[in-house]
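Take a look at the structure set out below.
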Amino acid sequence: MDIGLIARLLPHFLQAAGLTILISTLALALGLAVAAGIAAARLSPSRVLRGFGAAYVSLIRGTPCLIQLFLIYFGGPQVGITPGPFAAGVIGLGLNIAAYMAEAIRGAILAVDRGQSEAARSLGFSRGQAMRRVILPQAARLMIRPLGVNAIALVKGSSLVATISVVELTYTAQRLIGSTYRPFEVFGIAALLYLVIIHTLRRGIDRLDRAYAPG
Amino acid sequence: MSDAPGRTPMIEVRGARKAFGAAEVLRGIDLTVGRGEIVAIIGPSGSGKSTLLRAINHLETLDAGEIRLDGRRVNLPLRGRAFERHVNALRRQIGMVFQQFNLFPHLSVLDNLALAPMRARGLDRQEARALATTYLERVHIPEQAQKYPAQLSGGQQQRVAIARALCMRPKIMLFDEPTSALDPEMIKEVLDVMVELAEDGMTMIVVTHEMGFAREVADTIAFMDHGRIVEALPPAQFFTAARTERAQLFLSRILGH
């Protein structure tokens, strides 16, 4: 192990880690917003919306994330959309994780006892009121864990955007191999930085889960 | 029944039918409940008691037949928003108490009571809480207002659930086996509250296995079996002179121990 080399590379890596955090955060925000919409569609009384939601989930989960990224980045220009690597990365990762998160949200809502919505409806609440006032506050706690698992998967999955030349951790590591010929140190640092990001995220999720614990 | 002449009954059920797949749960039910009348529905499990009760506030949709609340049709062939408006308005006039209480665990007792008056009746928070306090006193647990449902005993939770329904000032109260999930020593405190409600003139339909309550409090006992009301009689007659063999058999089993 070459400590001097590691010290020289570290600034590049920290910058790259910053980009990994940024792209994951933006994809997470996009993913949560889309996931909320898809979950609502899947639980909607409208058959058309339910069908759309189910199709979205099975399409996204039934194909590799890498292909989805390529479709957006390389295939986009063919249909008149030319996103930069960063935008394509955020959109691809966000739309991908949305399918998984939609299922986490839907699962949490369905896990709330049926009697709760019956009690709310029997008091004259509309479907929307029952959802907002009674079901969602209880489901929110149940979705923290599964959404957290997806957020962690998202950070790890963000390494895929290296293939469309977003200069994040994995891309930076690959590029530095070319100038250093020291793959063990280079990928070791990259792995360590992912670990730090994910460990921090996991602690945040634990804290959130405890804050919403009952009692 | 107990209706004054010329007044519409509170509940009228005519020819109610309901099947879940191949299982016919309601096979032509007729039932009239007058104002202030207490009807106890008894019968073996699976006889359709709960389904009938749930059809009255439209938690179940009938396949055929009609139900009227205070002269107005409950089950209308409406869809979408019009249906939503109709059932929401209807359910505000019907109080429902469930076997499993179904209190909202994320809200304090007071907010469990105040939520519906605020959202569905448009009271402001202060009015709703004042109303909630009044009804907590009526079920004799005003001191539990700030607690959460999980901190209460089963009997206390069910009394909160009754108070929550009363906060909507319903025309009728439906009880779906209100004491079946309770420890024996808590049954009485819930039944006592129901007796007081009955004495205040509330119209009530109670699905129950509490024969003592049915005998003492009900004006009419409706015995259901296989999706039909087999007999509907005043308790004195029902318990001593049930006409059908099925009701006699049921009574001998349930009173035999």
Of these, A:Thr172, A:Thr200, A:Thr163, which one is away from chain B (no Cβ under 14 Å), among the polar types (S, T, N, Q) and either under 17 Å from A:Met101 (Cα atoms) or buried (at least 19 other Cβ atoms within 10 Å of the Cβ) (or both)?
-> A:Thr172
In the range B:242-257, which residues are of a type in the set (Gly, Ala, Ser) and surrounded by 10 or more Cβ atoms within 10 Å (Cβ to Cβ)?
-> B:Ala242, B:Ala247, B:Ser252
Does the range B:173-188 include one or more residues that are assigned to a loop (DSSP other than H, G, I, E, B) and surrounded by 23 or more Cβ atoms within 10 Å (Cβ to Cβ)?
-> yes
Taking the range B:20-36 and keeping residues among the β-branched types (Val, Ile, Thr) and either over 16 Å from B:Ala232 (Cα atoms) or open to solvent by 50 Å² or more (accessible area, probe 1.4 Å) (or both) leaves B:Val25
For the range A:177-185, indicate whether the set of residues that are among the β-branched types (Val, Ile, Thr), closer than 23 Å to A:Leu32 by Cα, open to solvent by 30 Å² or more (accessible area, probe 1.4 Å) and away from chain B (no Cβ under 14 Å) is non-empty.
-> no
Examine the range B:98-121 for a residue that is on the phi > 0 side of the Ramachandran plot and more than 10 Å from every other protein chain (Cβ to nearest Cβ), and state whether such a residue exists.
-> no
Count - residues of the range A:17-46 that are at pLDDT 95 or above and more than 17 Å from the chain's Cα centre (by Cα) = 3
Select, from A:Ile105, A:Ile109, A:Ile72, A:Ile91, the only residue that is surrounded by 24 or more Cβ atoms within 10 Å (Cβ to Cβ) and at pLDDT 95 or above.
-> A:Ile105
What number of residues within the range B:86-95 satisfy the criterion of being open to solvent by 10 Å² or more (accessible area, probe 1.4 Å) and either away from every other protein chain (no Cβ under 13 Å) or in contact (Cβ under 8 Å) with a residue 40 or more places away in the chain (or both)?
-> 2
Does at least one position in the range A:152-166 carry a residue that is in contact (Cβ under 8 Å) with a residue 60 or more places away in the chain and under 30 Å from B:Gly80 (Cα atoms)?
-> no
Please give the helices (runs of 4 or more DSSP H) falling wholly within the range A:83-178 in which 1 or more residues are hydrophobic (A, V, I, L, M, F, W, C) and closer than 28 Å to A:His199 by Cβ.
-> A:85-111, A:136-157
Across (1) crowded, with 18+ Cβ neighbours inside 10 Å; (2) farther than 30 Å from B:Ile254 by Cα, B:Phe83 clears everything bar (1)
Condition set away from every other protein chain (no Cβ under 12 Å) and touching a strand residue (DSSP E or B) at 6+ places or on another chain (Cβ under 8 Å), scope the range B:131-171, selection most open to solvent (accessible area, probe 1.4 Å): answer is B:Lys171
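The values are calculated or read from the model by the stated rules, or taken from the named source; none is laboratory data. Since we're looking at a predicted model, the values are computed, not measured. We place every Cβ from the backbone using ideal geometry, glycine too, and count neighbours over all the protein chains shown. For the accessible areas, the whole protein counts, side chains as well, though only heavy atoms, and no ligand, DNA or RNA atoms are used. Shrake-Rupley method; radii C 1.70, N 1.55, O 1.52, S 1.80 Å.
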